[in-house]
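Q: Please read through the structure below; I'll follow up with questions.
The values are calculated or read from the model by the stated rules, or taken from the named source; none is laboratory data. Note that the structure is a prediction, hence the values are computed from the model and not measured. Don't worry about glycine lacking a Cβ; one is built from the backbone with ideal geometry, like all the others, and counts go over all protein chains shown. The area values use the complete protein model at the heavy-atom level, side chains included, leaving out ligands, DNA and RNA. Shrake-Rupley method; radii C 1.70, N 1.55, O 1.52, S 1.80 Å.
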Protein chains: 2
Amino acid sequence: MSGTVWDKRRTAKRQRIAAATEHVDGKLIRPDALRQVLEAVIHPGDRVALEGDNQKQADYLSRTLAGCDPGRLHDLHMLIGSVSRAEHLDLFEQGLASRLDLAYAGPQSVRMAQLVADGTVSVGAIHTYVELYARMLVDLRPDVALLCASAADQHGNLYTGPNTEDTPTIAEATAFHDGIVVVQADEIVPAGTLPRVDIPGDWIDLVVRADRPFFLEPLFTRDPKAIGPVQILQAMLALRGVYERHQVVSLNHGVGFSTAAIELILPTYGEQLGLKGQICRNWTLNPHPTLIPAIESGWVESVHCFGGESGMNRYVAERPDVFFTGADGSLRSNRVLCQLAGQYAIDMFIGSTLQMDARANSSTVTEGRLSGFGGAPNMGHDPHGRRHATPAWLDLQHGDAADLRGRKLVVQIAETFQSSGTPTFVESLDAVQVGRDAGMPIPPVMIYGDDVSHVVTEEGVAYLYKAPSLVDRRAALAAIAGVTPLGRGADPGSVERLRRDGLVALPQDLKVDPSLADRSLLAARSIGDLVAWSRGLYEPPAQFRNW
Amino acid sequence: MSGTVWDKRRTAKRQRIAAATEHVDGKLIRPDALRQVLEAVIHPGDRVALEGDNQKQADYLSRTLAGCDPGRLHDLHMLIGSVSRAEHLDLFEQGLASRLDLAYAGPQSVRMAQLVADGTVSVGAIHTYVELYARMLVDLRPDVALLCASAADQHGNLYTGPNTEDTPTIAEATAFHDGIVVVQADEIVPAGTLPRVDIPGDWIDLVVRADRPFFLEPLFTRDPKAIGPVQILQAMLALRGVYERHQVVSLNHGVGFSTAAIELILPTYGEQLGLKGQICRNWTLNPHPTLIPAIESGWVESVHCFGGESGMNRYVAERPDVFFTGADGSLRSNRVLCQLAGQYAIDMFIGSTLQMDARANSSTVTEGRLSGFGGAPNMGHDPHGRRHATPAWLDLQHGDAADLRGRKLVVQIAETFQSSGTPTFVESLDAVQVGRDAGMPIPPVMIYGDDVSHVVTEEGVAYLYKAPSLVDRRAALAAIAGVTPLGRGADPGSVERLRRDGLVALPQDLKVDPSLADRSLLAARSIGDLVAWSRGLYEPPAQFRNW
């Protein structure tokens, strides 16, 4: 089209940056002028990507944005990975923002459900993390990104340290489409003195020194003290019935006490079974403190991380043969790459769930809470774009002739009852009703039953990948659902048949002695034990210390 | 384990770099000493990632490596995305390398099949590109990476230019696990003068000035001259039967003349249908020259690219509102991020195939050729980790209650006969026999039939996502398979039933008049026309010029 202008975004960017000139020195924002700068570079109606990852939060920028003048800034469309801070929702209550696309809303899930109900927040969709970033390259391209780093220099070069996580991805999506990238850094250092450059200064427009270090949540720390015999029995069943049986070499663990128990019995029960060196060698995993004993015992060849974990920095830095680290010695994490690895390069995902229906659909969304998905849906499905074979993947092979292929192990591990006494197995997920109430086009299901290959409870293992029909799937689940309503409906004759056909294995079928399921099997029984295993390198956050 | 050494890789790296000291100035390799440096930093048995992407090739490094002394370097395990140069296989014939993991072997596919058969090359697996990179973070972690860039400075900062593609991903996997990263750069420039920094120097160990610019293949250029009425009819059927019907807003096109025809009839036929602004707005796509008329006509809001394309650099640089570009003005491509976008953020993938069986499995692997997969399997499946809804995705919804969800459109477009006169539709894919002959654990199928939602031929459209059984799937395919053996087996009564039930649409059902399928419908009929549409900004490579 003759006369078409093809660089509107670039021109707009130049004008916005120019409007902030009086408040900046080069790329550095004067500390007392952050609000004015945000009001200059952000325009009403903008799509604003605000960094709130799984763990790290650009909280100086979000707090300051929440203090901006709604007369100047309004109708913002916020893209926030993890809505976990109060000011994320204050933005909406104060009339600055109206639309929200997100991935997770853990701590704010109740308030969010209310704000959605009263129309204050209009939700585009609830995504997984990487799905939200994917859309930043397609139909949700940010106009402005508000990010965080550990350190920056005056050229905008960034050091993200062990918590690199999602920062490079959001920066790339914004910087390379003429959006404006604003970064809070814990410190500003002279050029050439950053421990390493994680993001080149070319991608960064403005930097401000944060008023305090960015907020970080220790999401992946599980205190072994809270692991009891039920989780240990589950761990034993999983180890024999899944890991050993299918020879799982590469894997991802979700976060939960059952999977933490598995990590902690590798050096004890796993070693007794002679599995060291055979299984669990290559991990895609945040630096779980409960993996320390297995690493120290020589089980673990490599760990690639989505993000970091509070307290694990010194330990990781001293184990570079295992972890991915930079030239400066500290961890390199990267959510998108770790997701890629977890999707296309591992044998198994195993994670916990709070609620599962009789088709094995599961969700952590419960009544009155609009939480979200995190990364479980990405890890918890069989990627049909995989083409290489491993023994575990081939062990679940199906189809014939051209259709012959393997399958990723997607394992759900759950106790039959939650600690609240409510049954885990239900006829209908709460998520169905929550989705309906919130006007969502489909129910917010975390992992679909047809993607689940195995379910482990303290009663046994259901091999769902062998279930030819929904009736068999239900029967196999019922057989390991204990005294929940679903389990009480199990027909003893049918259970025998399912065991014979290999759809279900009970502890005796797996040669697991439940009487041995005891805390003595845990390689570490406390946070203090983990510190000892780490030779003092693990430095647990204050809330996990009792000494 | 007391006494365990945890930094073996770091120590080895230091020693190897030290062994090359006499041949380097800082990070710069002396041009006449590249072979000596490679022999010093690579050790026998190493895993070596050699950059051969879809398009760009680190050919100075691969040619030099092929000239190394097999007495010093042997048993290398090569990780090569695209085995497209003779010296990639010379490495094996000359005794330098023994094992190969790859994604694609287009131009070398015949020779590779022979070398596999005689045992010279031991293939780990044939992957997709991103699957191979995923394994570099898990169980195929490189010891050394040999990469290429457009320019570098003495600190190792790299400018990759429009062809960023896979370089940052391979560099990250290697640099952050104490591997050695060696880069060939077309030019070495003084610090501070790179047009932009694509990869920070911290990640790069050694740089050498290439003897000539890195090799680049124009893989995504299709000359409109070669598009005939059959492809135009297919394009019309696809536009009405798929794009318009499902309101496809975001999409990826494979490479082929049929999809090029679709791109070229958007400004003509698409415009007549009143579809401009409604469909085809957001693309994940290399810069296809045949998309120029649609861009110039205002159809295209955004394009995010896997890689660059020869001749398109100036055009892309002048269209920054559409393409992702850097502060220097040139294209930013990134295969991993574009794959992420194509997986989680788009409505549809459509691609061509050479051969399809009656279950709709397809493959480009044919007798005597071990080619590979590229990115089609990643784009060509429904990602079960997606959680947001779009109208097109919801239009293919299935399941009930918790199981309710949408589906990505995966469309295969094929002529019933290949230009060689062989039928496209066959009882058994050649890939099954090729896989068997090569000892592959599963047949090298490109896209599985159960992932395909639609098939388009010049006879009509099969809506496979509506086919409840394999019998229906076969019948729907037969109805559009023309006079191939499969098509001749179609029962006319059954075709009527399939049309009534919406499993098949013939041209009249879609109100497509085949007599209008004419080259006059193409917005550009030659490379010269594309240059004119681009206002001279598109600069076609020599082999596409006839003036």
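Q: Considering only protein heavy atoms, what per residue accessible area in square angstrom results for the range A:19-216 with a 1.4 angstrom probe?
A: Computed with neighbouring chains in place, this is 28 Å² per residue.
Q: Using r as the Cβ-Cβ distance of A:VAL426 and B:GLN278, and R0 as 35 Å, what FRET efficiency do you calculate, to the nearest 0.05?
A: 0.25
Q: According to a simple spin-label model (label point 7 Å from Cα along Cα-to-Cβ), what is the distance in nm between A:ARG245 and A:SER419?
A: 2.9
Q: Moving on to the next point. Only bridges whose two residues both fall in the protein assembly as shown count here: according to DSSP, what percent of them are antiparallel, nearest 5?
A: On the way: 38 of 136 bridges.
Just about 30 percent of them are antiparallel.
Q: Within chain A, which complete DSSP H helices have Cα atoms spanning at least 30 Å along the helix axis and a mean Kyte-Doolittle hydropathy of 0.0 or higher?
A: Result, helices passing both filters: zero.
Q: Oh, and also: Can you return the lysines within cross-link range of B:LYS56? Criterion is Cα-Cα under 25 Å, with same-chain partners fewer than 8 residues away left out.
A: B:LYS27
Q: Over all Cα pairs of the range B:11-81, how is the pair count split among 5 Å bins, expressed in % and running from 0 up to the last occupied bin?
A: Taking all Cα pairs of the range B:11-81, the binned fractions are 3, 15, 25, 25, 21, 9, 2 percent.
Q: Here is a follow-up. Take the Cβ-Cβ distance between A:GLU496 and A:ARG525 as r, set R0 to 25 Å, and report the resulting FRET efficiency rounded to the nearest 0.05.
A: Using R0 = 25 Å, I get an efficiency of 0.10.
Q: Let me ask something else about it. For chain A, with the dipole built from +1 on Lys and Arg beta-carbon atoms and -1 on Asp and Glu ones, taken about the Cα centre, which of A:ALA191, A:HIS127, A:PRO70 lies farthest toward the positive end?
A: Result: A:HIS127, furthest along the dipole toward the positive end.
Q: Which net charge results for the neighbourhood of A:GLN234, defined as the other residues with beta-carbon distances under 10 angstrom from its beta-carbon, given Lys and Arg at +1 and Asp and Glu at -1?
A: On the way: positive: none; negative: A:GLU415, A:GLU458, A:GLU459.
Spelling it out: positives minus negatives among the neighbours equals -3.
Q: I'd like to know which of A:PRO107, A:PRO213, A:LEU506 lies farthest towards the positive end of the charge dipole of chain A, counting +1 on Cβ of Lys and Arg and -1 on Cβ of Asp and Glu.
A: The residue sitting most towards the positive pole is A:LEU506.
Q: Considering all alpha-carbon pairs of the protein assembly as shown, what whole percent are spaced by more than 43 angstrom?
A: 36
Q: Let me know the mean shielding of A:337-349 by other chains, meaning the per-residue number of their Cβ atoms within 10 Å of its Cβ. Walk me through the numbers before you get to the answer.
A: On the way: counts 10, 3, 5, 13, 9, 3, 8, 13, 12, 5, 2, 0, 0.
Mean partner-chain Cβ count within 10 Å for A:337-349: 6.
Q: Show which lysines lie in cross-link reach of B:LYS511 when reach means a straight Cα distance below 26 angstrom and same-chain residues fewer than eight apart are skipped.
A: Answer for B:LYS511, where 26 Å is the Cα cut-off: B:LYS276, B:LYS408, B:LYS466, listed by chain and number.
Q: Rounded to the nearest 500, what is chain B's calculated 222 nm mean residue ellipticity when only DSSP H runs of at least 4 contribute -39500 (n - 2.57) each, over all residues?
A: Dividing the helical sum by the residues of chain B leaves -7000 deg cm²/dmol.
Q: Once neighbouring chains are kept in place and the probe is 1.4 Å, which whole percent of the accessible area of chain B is contributed by carbon and sulfur?
A: 50
Q: Still on this structure, please answer the following. In nanometres, what is the gap between the two model label sites at A:ARG30 and B:ARG488, each 7 Å from Cα along Cα-to-Cβ?
A: 8.5
Q: Report the antiparallel proportion of the DSSP beta bridges in chain B as a percent, rounded to a multiple of 5.
A: 30
Q: Counting only other chains, and only Cβ atoms inside 10 Å, what mean value do you get across the residues of A:440-446?
A: The mean count of partner-chain Cβ atoms within 10 Å per residue comes to 6.
Q: Once a ≥ b ≥ c are taken as the square roots of the eigenvalues of the Cα gyration tensor of the range B:265-364, is the result rounded (a/c under 1.5), prolate (a/b larger than b/c) or oblate (a/b not larger than b/c)? Please list the in-between numbers first.
A: Details: a/c = 1.93, a/b = 1.26, b/c = 1.53.
Verdict is oblate for the range B:265-364.
Q: Which value does Rg/Rh take for the range A:19-216 over its C-alpha atoms, Rh per Kirkwood?
A: Using only Cα positions, Rg/Rh for the range A:19-216 is 0.94.
Q: Same structure again: Assigning unit charges at the beta carbon (Lys, Arg +1; Asp, Glu -1) and nothing else, what dipole magnitude in debye, to the nearest 20, does chain B show about its Cα centre? Could the numbers behind the result be given before it?
A: Values: 51 positive and 65 negative charges, 99 e Å.
That gives chain B a dipole magnitude of about 480 debye.
Q: Points 7 angstrom from Cα along the Cβ direction at A:THR11 and A:GLN397: gap in nanometres?
A: Output for this residue pair reads 6.1 nm.
Q: If packing is taken as the average number of other Cβ atoms within 10 Å across a peptide's residues, how do B:296-302, A:231-237, B:532-538 rank, most packed first?
A: With the highest mean Cβ count within 10 Å placed first, the list reads A:231-237, B:296-302, B:532-538.
Q: Still on this structure, I have one more. Could you work out, residue by residue across A:138-146, how many beta carbons of other chains sit within 10 Å of that residue's beta carbon, and then give the average as an integer?
A: Mean number of neighbouring Cβ atoms from other chains: 4.
Q: Compute accessible area for the range B:378-413 by itself and then with all protein chains, 1.4 Å probe, and report residues whose area falls by 40 Å² or more.
A: B:HIS381, B:HIS384, B:GLY385, B:ARG387, B:HIS388, B:ALA402, B:ASP403, B:LEU404, B:ARG405
Q: What is the dipole size for the range B:14-216, taken about its Cα centre, with +1 at each Lys and Arg Cβ and -1 at each Asp and Glu Cβ, in debye to the nearest 20?
A: 80
Q: Using the Cα atoms of the range B:224-530, I'd like the radius of gyration and the largest Cα-Cα distance, Dmax, both in angstrom.
A: Rg and Dmax of the range B:224-530, Cα atoms, are 18.9, 62 Å.
Q: For the range A:500-547, compute Rg over Rh where Rg is the Cα radius of gyration and Rh is the Kirkwood radius from the inverse mean 1/r over Cα pairs.
A: 1.28
Q: Go through A:TYR315, A:HIS253, A:ILE295 and say which Cα lies farthest out towards the positive end of the charge dipole of the range A:214-335; charges sit on Cβ, +1 for Lys and Arg, -1 for Asp and Glu.
A: A:HIS253
Q: Ok, one more. Please list, by residue number, everything in the range A:391-418 whose backbone N is under 17 Å from a paramagnetic label point 7 Å out along Cα→Cβ of B:ARG99.
A: The answer is A:391-392.
Q: When the convex hull of the Cα atoms of chain B is projected onto a plane and the area is averaged over all directions, what value comes out in nm²?
A: 27.9
Q: Just which residues of the range B:183-211 lose 10 Å² or more accessible area with every protein chain there, against their chain alone, with the probe set to 1.4 Å?
A: By number: B:ARG196, B:VAL197, B:ASP198, B:PRO200, B:ASP202, B:TRP203.
Q: In addition: Which net charge results for the neighbourhood of A:GLY385, defined as the other residues with beta-carbon distances under 14 angstrom from its beta-carbon, given Lys and Arg at +1 and Asp and Glu at -1?
A: So the surrounding residues net to +4.
Q: At the nearest 100 Å², what buried accessible area, both sides summed, do you get for B and A when the probe is 1.4 Å?
A: 8500
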